[in-house]
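All remarks here apply to the structure that follows.
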Amino acid sequence: DQVNLLLVVKPETKKVLLVYDRASNPAFDVVVEVLEKEFKKRGVLLQKLEVNHSNELRQKVASFLDGVDVVMTLTDHTICSGMDALIKICSEHKVTLYTSELDSNDKGAALSYGVYESEYGKEGAKKVIAILKDGQDASSVPVTSLQNYYLKINTQMAAVQNLTINPELYKQYGSRIVLNEGK
């Protein structure tokens, strides 16, 4: 879904630079493998750039931007703590920044994909009610995954980061695409 929405919004994408801290999450190996396959199926090259510390972002990312259409991030503490630097680099080089969480959109990422964090709280509250009020055993309360994923577009940063917004998108994707008029 995340790959599809990117290519709907920026169909001319041919090369994506994935910036992430592999050590921050053991599941990233699987996520990166899935992303590689999904991009490859669509004729897009995914180049991986692993970073270990946020202070490496500025120098490392800048040296890998040649021919890159989109810089994509996964959600990890290293990248999130260096998000301001990534936003600045992408803006300076006119490369679209696409984050895997919605909060960075308010800071200046042109595109962000994810769920609203408040949804986790709502799901947790439903579980607590099932256990405390309804008397269900905690082990019998089913695990659920969030389904309400959105693509958030920062309209002010879109042009700065080489993203043209096509109004026709909203006919097909409606409320799944959210425009952010902020920074």
- Distant-in-sequence amide H partners of residue 178 (H built 1.01 Å from N, under 5 Å): 151, 152, 153
- Query: Normalised by the number of residues in the chain, what is the relative contact order in percent for Cα pairs under 8 Å and 6+ residues apart?
  - Reply: 20
- For the chain, modelled as a GNM with alpha-carbon contacts under 10 angstrom, which of 160, 61, 30 fluctuates the most? 30
- Note on the structure: Per GNM of the chain with C-alpha springs under 10 angstrom, the most fluctuating residue out of 62, 27, 159 is 27
- Message: Within 10 Å, at most 11 other Cβ atoms, and a DSSP state outside H, G, I, E, B define an exposed site. Report the longest part of the chain free of exposed GluC sites (Glu not before Pro).
- Response: 13-116
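On the protein heavy atoms, probe 1.4 angstrom, tell me the percent of accessible surface of the chain carried by carbon and sulfur. Working shown, then result.
Working: 5240 of 9860 Å².
With neighbouring chains kept in place, the figure for the chain is 53 percent.
With the radius of gyration and the Kirkwood radius both derived from the Cα set of the chain, what is their ratio Rg to Rh?
Details: Rg = 17.7 Å, Rh = 17.4 Å.
Here the Rg-to-Rh quotient is 1.02.
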- Message: Given points 7 Å out from each Cα along the Cα-Cβ axis, report the residue 165 to residue 40 separation in nanometres with one decimal.
- Response: 3.6
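In Å², and per residue, what accessible area does the chain have when probed at 1.4 Å with the other protein chains present?
Working: 9860 Å² over 183 residues.
The answer is 54 Å² per residue.
Local charge sum around residue 152 (other residues, Cβ-Cβ under 12 Å, Lys/Arg +1, Asp/Glu -1)?
Details: positive: 107, 176; negative: 101, 103, 106, 181.
Local net charge: -2.
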- Message: Looking at region 19-73, I'd like the Rg to Rh ratio, where Rg is from alpha-carbon atoms and Rh is Kirkwood's inverse mean 1/r.
- Response: 0.97
- Item | Candidates 16, 70, 31, ranked by Gaussian network fluctuation over the chain, Cα under 10 Å, top entry | 31
- For the chain, find the longest principal axis of its Cα atoms and tell me its angle to the long axis of helix 28-41, 0 to 90°, nearest 10. 60
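The values are calculated or read from the model by the stated rules, or taken from the named source; none is laboratory data. Everything numeric here is computed off the predicted structure, so don't read it as measured data. Virtual Cβ from ideal backbone geometry, glycine too; neighbours counted across all protein chains shown. When the accessible area is computed, the model is the full protein with side chains, heavy atoms only, and any ligands, DNA or RNA have been set aside. Shrake-Rupley method; radii C 1.70, N 1.55, O 1.52, S 1.80 Å.
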